[in-house]
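Since the structure comes first, as structure tokens, the remarks are kept for the end.
The values are calculated or read from the model by the stated rules, or taken from the named source; none is laboratory data. None of these values were measured; they are calculated from a predicted model. Here the Cβ positions follow ideal geometry from the backbone for every residue, glycine too, while neighbour counts run over all protein chains shown. Please note that ligands, DNA and RNA were not included when accessible areas were found on the heavy atoms of the full protein model with its side chains. Shrake-Rupley method; radii C 1.70, N 1.55, O 1.52, S 1.80 Å.
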Amino acid sequence: VQLQASGGGLVQSGGSLRLSCAASGVMFSINAMGWYRQAPGKQRELVTAISIGGSTNYADSVKGRFTISRGNAKNTVYLQMNSLKPEDTAVYFCNLKATLNSRDYWGQGTLVTVSS
């Protein structure tokens, strides 16, 4: 299984970015896909996730600003990030969770830097 994430970059505070993640080689049932982030010196945290049924959840810090969606191919997810803040600066990791054993698969991470 490979998760290819893209779309990170440098943006000014208040700006927007869209992250994409495409999973390949998936030969099992997917429970959910989502995004985590890890800022320097901090633990990795859940940003948002979308279940195979379409249910979503968001960290309180991004509610109303970030939106997760799936592509036409169920193995693709997007993260639209609006009204970005410097505290959103982090490496963002795409995540896929298998249904059978809840095993996690991770993408390589994409850096998002928000300047003040």
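Quick notes on this structure:
- Selection within segment 26-71 - under 18 Å from Asn82 (Cβ atoms), crowded, with 16+ Cβ neighbours inside 10 Å and in contact with a Phe, Trp or Tyr (Cβ under 6 Å, 6 or more places away or on another chain): Trp35, Arg37, Val47, Thr48
- First in segment 6-31 and under 13 Å from Asn95 (Cα atoms) and in contact (Cβ under 8 Å) with a residue 24 or more places away in the chain, second anywhere and in a loop (DSSP other than H, G, I, E, B) and hydroxyl-bearing (Ser, Thr, Tyr), Cβ under 6 Å, 6 or more apart: Asn31/Thr99
- Any chance Asn95 is in a strand (DSSP E or B), open to solvent by less than 60 Å² (accessible area, probe 1.4 Å) and among the polar types (S, T, N, Q): yes
- Unmet requirement for Gly15, which otherwise passes all of (1) closer than 17 Å to Val114 by Cα; (2) part of a strand (DSSP E or B): (2)
- Tally of residues being under 12 Å from the mean Cα position of the chain (by Cα), free of Cβ contacts under 8 Å to residues at least 60 places away in the same chain and open to solvent by 10 Å² or more (accessible area, probe 1.4 Å) across segment 72-90: 1
- Residue check, Leu111 modelled with pLDDT under 95 and not in a helix (DSSP H, G or I): no
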